[in-house]
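Novice: One structure, pasted below without further comment.
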Amino acid sequence: MSRLLMTGNAAAAWGARLAGVEYVPAFPITPQTEIIEMLAGWCERGEMSARLTMYESEHSMVTGAASAAATGVRTFTATSSQGLLYAMEMVFAAPGWRAPFVLVNVSRALASPITLEPDHTDVLAARDSGFIQIHCATCQEVLDSVLIAYRLAEHPRVRLPVLVNQDGFHLSFTREPVDLPEEARVRAFLPPFDAHQAGFRASRPVSQVVAVLGGSPYSYFRYQVHLAQREALDVYDELAAEFAAAFGRHHGAIETYRCDDAEVVFVLIGSLAGQAKQAADRLREAGLKVGVVRPRLLRPYPASALRAALRGKQAVAVVDQNLSMGSGGVLYAELAGALQGCEYMPLLVSFIGGLGGRDIGDAEFFAMANEARDAARRREVPEPRLLYTARELRELRKLQAIAGTGGVQEETR
């Protein structure tokens, strides 16, 4: 095993290489392009035996990935932001084909307005597609999650595509120390793809058609995908334990940090968890018992693990890097549903932050923790808050005045 400085994009490419992928359908989009560039270079130099094909769009790219996986080929692809939306028809179709492949999404905020910075709106748009979703907080997790994802996708109790998500720029272009496992050890953990009955031979063609079905049979097959997702919860736990035994790193369905005696807990996904941990340390120095809970799995949803981690806490500050228009944060709504009706559960407070890559500093984590604690003492649930400073609001009003677009609709803080 060697330790190298690498970006999240490089970690994703190394994960695919170590997994022994055979086919890489590709289409470039910032900030994902570096993944494809690295894989293309390795293929051209003969360092990988995979075939890489450039497609004309993300839609056809995911079609090619699902088609290859359905015929027994270990397949890898990657996209980001608008590219994931362009592929969305096939993102919803592929799980129904039970096509086991891995797609790395490099999260970037969606238009409009246009930005190159990250948030989670793109990946959460695919939440209900049937793709399993693993969310990473470090470059090491990106590499490890790609390897785990292949075992999970190809498992006979699952057979679904897996989306591994990393935050654009915050991880994709940030270099961190990453342990690169030896190929032989990876092979022991991740053997070649056993496609069972699936396959393609020109001499023995087998049709794998997509039938047009009415309500009852359609409902049955959709429910089968749901059951496979639920089965994936147990399979993931088994694989995480096996991966820890092989490589010394455990990636459970959720990560907890300083939660045993915590009174207030931050719940969030992605690379922002590192800042939340740092804030928790400083808040504890100031006398407030704070912890962090980060779901790695978002689909299937680890509801039982979250209930166990949050039982007995006073308050939870849910930090969403997304905004479901007209409703609020997706993570907040899902967690509220999971905790509904359970005894000894905390009061939930919703915060929307990090949209379009906006940073969240210690001062705002401090304010969120204090507001969540105070709300728990009053037993009053405040309205969702958009994290914004007075200075930012003044600057935006100046821009709006120059552009003649009208005033801000509501005070935010």
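Novice: Output the antiparallel fraction of DSSP beta bridges having both residues in the chain, as a percent to the nearest 5.
Specialist: 25 percent
Novice: If you average the C-alpha positions of segment 62-88 and of segment 104-154 separately, how far apart do those two centres end up, in angstrom?
Specialist: 13 Å
Novice: I've got another one for you. Of the options Gln140, Gly248, Leu339, report the single residue whose Cα projects farthest towards the positive end of the charge dipole of the chain (beta-carbon charges: Lys, Arg +1; Asp, Glu -1).
Specialist: Leu339
Novice: Additional query: Along the charge dipole of segment 257-392, which of Leu323, Ala363, Ala280 sits closest to the positive end, that is, farthest toward it, with unit charges on the beta carbon of Lys, Arg, Asp and Glu (+1, +1, -1, -1)?
Specialist: Ala280
Novice: With +1 on each Lys and Arg Cβ and -1 on each Asp and Glu Cβ, how big is the dipole of the chain about its Cα centre, in debye rounded to the nearest 20?
Specialist: 440 debye
Novice: Here's another thing I want to ask about it. Subtract the Cα-Cα distance of Phe366 and Glu383 from 0.36 nm times their separation in residues, and report this length gain in nm to one decimal.
Specialist: Values: separation 17, 0.36 × 17 = 6.12 nm, distance 1.82 nm.
Result for the pair: 4.3 nm of gain on full extension.
Novice: For the charge dipole of the chain, defined by +1 on Lys and Arg C-beta atoms and -1 on Asp and Glu C-beta atoms about the Cα centroid, which residue among Val381, Ala10, Leu268 has the Cα displaced farthest towards the positive pole?
Specialist: Of Val381, Ala10, Leu268, it is Val381.
Novice: Residues in segment 259-297 near a label at Ser327, defined as backbone nitrogen under 18 Å from the 7 Å Cα→Cβ point?
Specialist: Answer for segment 259-297: 268-269.
Novice: Which of rounded, prolate or oblate describes segment 257-392 when judged by the alpha-carbon gyration tensor and an a/c cut-off of 1.5? Write down the numbers at each step before the final one.
Specialist: Working: a/c = 1.32, a/b = 1.10, b/c = 1.20.
Verdict is rounded for segment 257-392.
Novice: May I pose another question? What's the magnitude of the charge dipole for segment 19-108 around its Cα centre, counting Lys and Arg as +1 and Asp and Glu as -1 at the beta-carbon? Answer in Debye, nearest 20.
Specialist: In total the dipole reaches around 240 debye.
Novice: Which order do the peptides 291-297, 157-163 come out in when sorted by mean C-beta neighbours inside 10 angstrom, highest first?
Specialist: 291-297, 157-163
Novice: Say each of Thr53 and Thr174 gets a label point 7 Å from the Cα, pointing the same way as Cα to Cβ; how far apart are those two points in nm?
Specialist: 3.6 nm
Novice: In nm, to one decimal, how far is the Arg3 label point from the Asp260 one, both placed 7 Å along Cα→Cβ?
Specialist: Label-label distance for Arg3 and Asp260, simple model: 2.6 nm.
Novice: Measure nothing but the geometry: give the 0 to 90° angle between the long axis through the Cα atoms of 33-44 and the longest principal axis through the Cα atoms of the chain, rounded to 10°.
Specialist: 20 degrees
Novice: Also: Sort Glu182, Glu231 from largest to smallest accessible area, using a 1.4 Å probe on the heavy atoms of the protein chains. Intermediate results must be reported in sequence, preceding the final value.
Specialist: Details: Glu182 95, Glu231 65 Å².
Largest accessible area first, the residues go Glu182, Glu231.
Novice: At a 1.4 Å probe radius, which order do Ser81, Ser112 fall into by accessible area, largest first?
Specialist: Values: Ser81 0, Ser112 105 Å².
Result, largest first: Ser112, Ser81.
Novice: Give the whole-number value, in cubic angstrom per residue, of the convex hull volume spanned by the C-alpha atoms of segment 205-274.
Specialist: So the per-residue hull volume is 222 Å³.
Novice: What whole-number distance in Å separates the alpha-carbon centres of segment 315-334 and segment 220-241?
Specialist: Segment 315-334 and segment 220-241 have Cα centres spaced 25 Å from each other.
Novice: Out of the total accessible area of the chain (probe 1.4 Å, heavy atoms of protein only), what percent is carbon and sulfur?
Specialist: Carbon and sulfur together cover 52 percent of it.
Novice: For the chain, with every protein chain kept in place, what is the accessible area per residue (1.4 Å probe, Å²)? Display every interim value, and only then the final one.
Specialist: On the way: 18230 Å² over 413 residues.
Value returned for the chain: 44 Å² of accessible area per residue.
Novice: Now for a different question. Name the long-range amide H neighbours of Ser324: under 5 Å, sequence gap of 5 or more, or other chain; modelled H, no Pro or chain starts.
Specialist: Residues meeting the amide H criterion: Gly329, Val330.
Novice: Right, here's the next one. Which lysines have a Cα less than 25 Å from the Cα of Lys313, not counting those fewer than 8 places away in the same chain?
Specialist: Lys277, Lys289
Novice: Please turn the phi angles of segment 330-344 into ³J(HN,Hα) values with the Karplus equation 6.51 cos²θ - 1.76 cosθ + 1.60 (θ = phi - 60°), one per residue in order, whole Hz, x for glycine and proline.
Specialist: 5, 4, 4, 5, 5, 5, 4, x, 5, 8, 4, x, 8, 6, 6
Novice: Assuming 0.36 nm per residue, please report the length gained on full extension of the stretch Tyr344 to Asp194 beyond their Cα-Cα distance.
Specialist: Value of the extension gain: 49.5 nm.
Novice: Another one. In straight Cα distance, which lysines are under 23 Å from Lys398, not counting same-chain residues fewer than 8 positions off?
Specialist: none
Novice: With +1 on each Lys and Arg Cβ and -1 on each Asp and Glu Cβ, and nothing else charged, work out how big the dipole of segment 2-247 is about its Cα centre, in Debye to the nearest 20.
Specialist: In total the dipole reaches around 740 debye.
Novice: Report ³J(HN,Hα) in whole Hz for each residue of segment 383-390, in order, from the Karplus equation J = 6.51 cos²θ - 1.76 cosθ + 1.60 where θ = phi - 60°; Gly and Pro get x.
Specialist: Here the 3J(HN,Hα) series is 5, x, 10, 8, 6, 7, 9, 4 Hz.
Novice: Which whole number of Å³ per residue matches the convex hull of the alpha-carbon atoms in the chain?
Specialist: Taking only Cα atoms, the chain has a hull volume of 168 Å³ per residue.
Novice: Place a point 7 Å from Cα of Arg185 in the direction of its Cβ. Which residues in segment 1-35 have their backbone N less than 11 Å from it?
Specialist: 1-3
The values are calculated or read from the model by the stated rules, or taken from the named source; none is laboratory data. Small disclaimer: the values here were computed from a predicted structure and weren't measured. Every residue, glycine among them, receives a Cβ derived from its backbone with ideal geometry; neighbour counts consider all protein chains shown. Quick note on the areas: whole protein, heavy atoms, side chains included, nothing else; ligands and nucleic acids left out. Shrake-Rupley method; radii C 1.70, N 1.55, O 1.52, S 1.80 Å.
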